[in-house]
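Peer 1: The structure's right below; bear with me while I get my questions together.
The values are calculated or read from the model by the stated rules, or taken from the named source; none is laboratory data. Note that this is a predicted model, so its numbers are computed, not measured. Cβ placement follows ideal geometry from the backbone for every residue including glycine, while neighbour counts extend to all protein chains displayed. All accessible areas refer to the heavy atoms of the entire protein, side chains included, with ligands and DNA or RNA removed. Shrake-Rupley method; radii C 1.70, N 1.55, O 1.52, S 1.80 Å.
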Amino acid sequence: MKELELYIHIPFCVRKCKYCDFLSAPASQRERQAYVDSLCGKIRSYADSAKAYHVVSIFLGGGTPSILEGEQILQIFAAIREAFLVDEDAEITLEANPGTVTGGGPASVTKEKLAAWRQAGINRLSIGLQSAEDRELKALGRIHTFAEFKETYQAAVAAGFSNMNVDLMSAIPFQTEESWERTLRTVAGLTPPPAHISAYSLIIEEGTPFYERYGSGEHAEELPDEDTERRMYERTEEILSEYGYHRYEISNYALPGYECRHNLGYWDRREYLGIGDGAASFFEGKRWSGEEEPVTLTRKDAMEEFMFLGLRKMEGVSRRRFREEFQTEMEEIYGTVIEELCRQGLLETAGDRLRLTRKGIDVSNYVMSEFLLDV
């Protein structure tokens with residue numbers, strides 16, 4: 001049987017953050033339940049296609065999956081296990097927003113929701129903190145404080161969760177080098193420490209309140225300047241390495257053995273099914289998103305993906321795997337590009353692998369664009 005990943009999209013949130021351009025919006029409890037019912041039907045519709053696969057990871061993303069009631073999460077996982085063969089040791093992640101777990105309600109609500117997640121088989125939480133500074137959280141439009149994050153984190157620990165990721169964001173309004181370092185050290189110094197930290201830079205996307213405020217260059221004084229943003233980026237790895245985290249992907253850091261298996265599957269081009277509004281899929285040689293018509297990948301498409309997805313990993317891409325998948329040598333297709341990027345000091349060879357150098361990581365988008373074939 002072949003390996004398969006599942007991505008389940010929950011498009012609901014309490015309130016859209018000012019920087020968010022994801023498919024998400026507030027909804028009533030009735031609307032959420034109707035969506036869950038429809039989602040479960042869609043999950044079951046894959047039962048025949050799933051017979052040749054076993055599921056190695058599941059990721060509930062959004063939106064804010066933790067906005068759902070515990071019973072709704074259990075309903076979704078009942079449908080998953082009815083339609084798919086899920087490995088006993090599958091990595092099963094749920095994205096959680098601190099403002100939806102505690103919700104300002106009694107502790108019993110927190111315990112009930114966390115207990116339902118455990119009952120469903122969820123064994124990894126990805127908690128969206130973004131910053132340990134309340135002023136910065138308010139500027140982002142987050143619905144929680146740092147104190148509420150800590151409450152959620154400790155409640156999750158008490159409920160038995162030991163594999164947790166914390167999402168952080170740099171280059172956000174009013175952030176300084178010092179406040180970014182405080183955030184990194186505060187999160188890495190939690191007891192127990194999170195197993196995984198994702199550290200992203202803010203991207204101001206069209207169609208968001210942040211684009212309206214900052215897209216024209218107005219209010220630029222509220223954002224870190226380019227040099228400051230650069231130093232934040234450079235300091236991230238230095239600081240997290242002090243706490244035992246190793247960088248295994250451009251924006252992701254883990255304690256040994258806690259790399260996100262689901263995301264590694266994306267970068268290694270493992271097949272996955274995205275179920276829910278707007279979710280993307282890569283299944284049986286085709287890609288599609290939501291209700292779009294599936295597109296069959298050409299050999300050229302597949303080779304390009306192999307390179308620009310695989311190079312996101314610090315270990316890079318394997319020449320042996322390229323040869324096995326495409327029945328040709330990597331240099332036969334990309335020899336000129338590889339030679340030039342190595343000459344520029346952006347790529348290097350390490351045994352069987354081709355990987356980004358430190359300099360290459362800094363301009364990774366440029367490096368990866370060089371592997372888009374013109375033929």
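Peer 1: I'd like the full set of residues that are open to solvent by less than 80 Å² (accessible area, probe 1.4 Å), under 19 Å from GLU95 (Cβ atoms) and in contact with a Lys or Arg (Cβ under 9 Å, 6 or more places away or on another chain), limited to the stretch 1-25.
Peer 2: GLU5, ILE10, PHE12, CYS17, SER24, ALA25
Peer 1: Enumerate the helices (runs of 4 or more DSSP H) found wholly within the stretch 204-272, keeping only those where 2 or more residues are open to solvent by 20 Å² or more (accessible area, probe 1.4 Å) and among the acidic types (Asp, Glu).
Peer 2: 226-242
Peer 1: Test each condition in (1) within 23 Å of PHE59 (Cβ to Cβ); (2) surrounded by 19 or more Cβ atoms within 10 Å (Cβ to Cβ); (3) out of contact with any Gly (no Cβ under 9 Å at 6 or more places or on another chain) for LEU311 and report the one that comes out false.
Peer 2: Single failed check for LEU311: (3).
Peer 1: Here's another thing I want to ask about it. Name the residue that is surrounded by the fewest Cβ atoms within 10 Å (Cβ to Cβ), counting only residues in the stretch 150-169 that are modelled with pLDDT of 95 or more and in contact with a Pro (Cβ under 6 Å, 6 or more places away or on another chain).
Peer 2: Looking at the filtered set, the residue picked out is MET164.
Peer 1: I've got another one for you. State all residues of the stretch 350-367 that are open to solvent by less than 20 Å² (accessible area, probe 1.4 Å) and in contact (Cβ under 8 Å) with a residue 24 or more places away in the chain; if no residue qualifies, say none.
Peer 2: Once the filter is applied, which keeps residues that are open to solvent by less than 20 Å² (accessible area, probe 1.4 Å) and in contact (Cβ under 8 Å) with a residue 24 or more places away in the chain, the stretch 350-367 yields LEU354, LEU356, ILE361, SER364, VAL367.
Peer 1: How many residues, within the stretch 103-133, are of a type in the set (D, E, K, R), open to solvent by 50 Å² or more (accessible area, probe 1.4 Å) and at pLDDT below 95?
Peer 2: Looking only at that region, the number is 2.
Peer 1: Let me ask something else about it. Residues of the stretch 303-339 being without any contact (Cβ under 8 Å) to a residue 24 or more places away in the chain and either acidic (Asp, Glu) or not in a helix (DSSP H, G or I) (or both), which ones?
Peer 2: GLU324, GLU325, GLN327, THR328, GLU329, GLU331, GLU332, GLU339
Peer 1: Any residue in the stretch 69-85 that's over 10 Å from ALA47 (Cα atoms): show its pairings with residues that are open to solvent by 10 Å² or more (accessible area, probe 1.4 Å) and part of a loop (DSSP other than H, G, I, E, B) at Cβ separation under 7 Å, as long as the two are six or more apart or on different chains.
Peer 2: Pairs found: PHE77/GLY121.
Peer 1: Can you name the condition, by its number, that ASP277 falls short on among (1) closer than 22 Å to GLU3 by Cα; (2) of a type outside the set (Gly, Ala, Ser); (3) in contact with a Pro (Cβ under 7 Å, 6 or more places away or on another chain)?
Peer 2: Tallying (1) closer than 22 Å to GLU3 by Cα; (2) of a type outside the set (Gly, Ala, Ser); (3) in contact with a Pro (Cβ under 7 Å, 6 or more places away or on another chain), ASP277 fails exactly one: (1).
Peer 1: Scan the stretch 139-183 for residues that are small (Gly, Ala, Ser) and within 22 Å of GLY61 (Cα to Cα) and jot them down.
Peer 2: Passing the criteria: GLY141, ALA155, ALA156, ALA159, GLY160, SER162, SER170.
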